[in-house]
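A short write-up of the structure that comes next.
The values are calculated or read from the model by the stated rules, or taken from the named source; none is laboratory data. Small disclaimer: the values here were computed from a predicted structure and weren't measured. Counting neighbours? That spans all protein chains shown, and the Cβs are built from the backbone with ideal geometry, glycine included.
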């Protein structure tokens, strides 16, 4: 079923002026990139898995274009909803809300971001397992910066 959705995305991309589309469905994130000539990716550097379907490959070769479908291997990104200061625990003496490998439930507090002297609890958007924490305690964070990677369950 997801192959049909990817074929539809490829069709939309090929018939538009857009060069790149990124979508998320069924707990996976897909990025489809259109370019003239060949597209290369260093998997070791980007930690991404490449998927190329036979149907999309043959249709793209006829048009002289190549399309690359990339699936993020580590799960969903949890982005910072605001700029501020990242705190991994409620107080310096308390343990962190989560660590790599922690199972989380939708609505569970993952961290706190302090913005303008207000402590904002950041909650998980879905159930899953923390696969990566990209920010250290007390580090400043930007809007839409990746805080965590969560592998949905």
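Return the residues of segment 130-146 that are more than 16 Å from residue 77 (Cβ to Cβ) and either touching a helix residue (DSSP H, G or I) at 6+ places or on another chain (Cβ under 6 Å) or in a loop (DSSP other than H, G, I, E, B) (or both); say none if nothing qualifies.
Just the residues of segment 130-146 that are more than 16 Å from residue 77 (Cβ to Cβ), to begin with: 136-140.
Answer for segment 130-146, where residues must be more than 16 Å from residue 77 (Cβ to Cβ) and either touching a helix residue (DSSP H, G or I) at 6+ places or on another chain (Cβ under 6 Å) or in a loop (DSSP other than H, G, I, E, B) (or both): 136, 137, 138, 139.
Just need a number here: residues in segment 103-146 that are closer than 22 Å to residue 24 by Cβ and touching a residue at least 24 places away in the same chain (Cβ under 8 Å).
Quick first cut of segment 103-146, residues closer than 22 Å to residue 24 by Cβ only: 103-108, 110-111, 122-135, 141-146.
From what is left, the residues that are touching a residue at least 24 places away in the same chain (Cβ under 8 Å) are 103-104, 110-111, 122, 124-133, 135, 141-146.
Going through segment 103-146 one residue at a time, the tally reaches 22.
Give the residue, chosen from 132, 76, that is under 30 Å from residue 9 (Cβ atoms), modelled with pLDDT under 90, surrounded by 15 or more Cβ atoms within 10 Å (Cβ to Cβ) and touching a strand residue (DSSP E or B) at 6+ places or on another chain (Cβ under 6 Å).
Selected residue: 76, the only one of 132, 76 that is under 30 Å from residue 9 (Cβ atoms), modelled with pLDDT under 90, surrounded by 15 or more Cβ atoms within 10 Å (Cβ to Cβ) and touching a strand residue (DSSP E or B) at 6+ places or on another chain (Cβ under 6 Å).
When the residues of segment 107-129 are narrowed to those that are part of a loop (DSSP other than H, G, I, E, B) and under 17 Å from the mean Cα position of the chain (by Cα), which ends up surrounded by the most Cβ atoms within 10 Å (Cβ to Cβ)?
Within segment 107-129, the match that is surrounded by the most Cβ atoms within 10 Å (Cβ to Cβ) is 124.
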